[in-house]
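To start, the structure itself, in structure tokens.
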Amino acid sequence: MARPEVAPGTIVIYTDVACGWSTIAIVRLLRARAEAGLDDRVHLDHRLFLLEDLNRFPIPKRYLEAEVPVLGALEPDLKFKPWQADPATWPVTTLLPNEAVHAAKEQSPAAAEDLDLALRMAFFRDSRCISLRHEILDIADGCPSLDTSRLADALDTGRARDAMMRDYQRHRDDVQGSPHLFFADGHQVHNPGITMHWVGEPGAGFPVVDADDPAVFADLVARAAATAG
């Protein structure tokens, strides 16, 4: 196994945009960064951990809908909801929205961060089918840091997919799950601040959070900032 390379001042975070646990972690990282005044010194480098490929099945609606009430209680301001749209519009794949986040990196780290979070909110809060190209581009239009025409061109030419998939294939065995964070000083952590377990079978049971410590994110942001030079 080869540990992913991490640039100074960067947190490499392996996630899938349809993972609610990683969405909570990202929101908390961004909040802790802003509170510390480190928005210009610490950046997230989104990498793919493609759950549909690992699990060998589409985004599991029953599984996620068991998680949403638990996740929503951790961060009520996010206003997570069970799927509100027609069940037929449930997105069965996240490959294209994940690719869009990677394509946004060519514009700036901020563009990738903004699109990633916007896609997550569109899915978990607004019940939008983020598998669809036009939905992704409509969501991108709401991100001031992003040039949607450049994003559309990147998606249509597929120029971000090769690097994204090669990195995923190379490091999938290094990653414990979504989210998994790596730091330039060698530190790494899976799903920081939260310990949980499932009662019953996933999709039929429900997750239980045993401990939740949002304060750890301040320490993680400070750790990344310390490597920025």
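If you check 112, 140 for being touching a strand residue (DSSP E or B) at 6+ places or on another chain (Cβ under 6 Å) and at pLDDT 95 or above, only one passes: 112. The residue of segment 149-167 that is most open to solvent (accessible area, probe 1.4 Å), among those that are out of contact with any helix residue (DSSP H, G or I) (no Cβ under 6 Å at 6 or more places or on another chain) and outside any helix (DSSP H, G or I), is 159. Just so you know, in segment 206-229 the residues that are of a type in the set (D, E, K, R) and in a strand (DSSP E or B) include one that is least open to solvent (accessible area, probe 1.4 Å), and it is 212.
Inside segment 38-52, residues that are in contact (Cβ under 8 Å) with a residue 12 or more places away in the chain, open to solvent by 30 Å² or more (accessible area, probe 1.4 Å), out of contact with any Gly (no Cβ under 8 Å at 6 or more places or on another chain) and more than 21 Å from residue 89 (Cβ to Cβ) make up a count of 2. Regarding residue 68, is this residue in contact (Cβ under 8 Å) with a residue 24 or more places away in the chain, aliphatic (A, V, I, L, M), open to solvent by 80 Å² or more (accessible area, probe 1.4 Å) and closer than 16 Å to residue 128 by Cα? For residue 68, the condition - in contact (Cβ under 8 Å) with a residue 24 or more places away in the chain, aliphatic (A, V, I, L, M), open to solvent by 80 Å² or more (accessible area, probe 1.4 Å) and closer than 16 Å to residue 128 by Cα - is not met.
Residue selection: residue 77 fails the criterion of being assigned to a loop (DSSP other than H, G, I, E, B), open to solvent by 20 Å² or more (accessible area, probe 1.4 Å) and over 21 Å from residue 189 (Cα atoms). For segment 181-205, filtering for residues that are in a strand (DSSP E or B) and surrounded by 14 or more Cβ atoms within 10 Å (Cβ to Cβ) leaves 9. With respect to the conditions (1) outside any strand (DSSP E or B); (2) crowded, with 17+ Cβ neighbours inside 10 Å, residue 11 falls short on a single one, namely (1).
All conditions but one from (1) under 22 Å from residue 128 (Cβ atoms); (2) open to solvent by 50 Å² or more (accessible area, probe 1.4 Å); (3) acidic (Asp, Glu); (4) at pLDDT 95 or above apply to residue 35; the one that does not is (1).
The values are calculated or read from the model by the stated rules, or taken from the named source; none is laboratory data. All values derive from a computational prediction rather than experimental measurement. Cβ atoms come from the backbone with ideal geometry, glycine included; neighbour counts cover every protein chain shown. These accessible areas exclude ligands, DNA and RNA; they are computed on the full protein's heavy atoms, side chains included. Shrake-Rupley method; radii C 1.70, N 1.55, O 1.52, S 1.80 Å.
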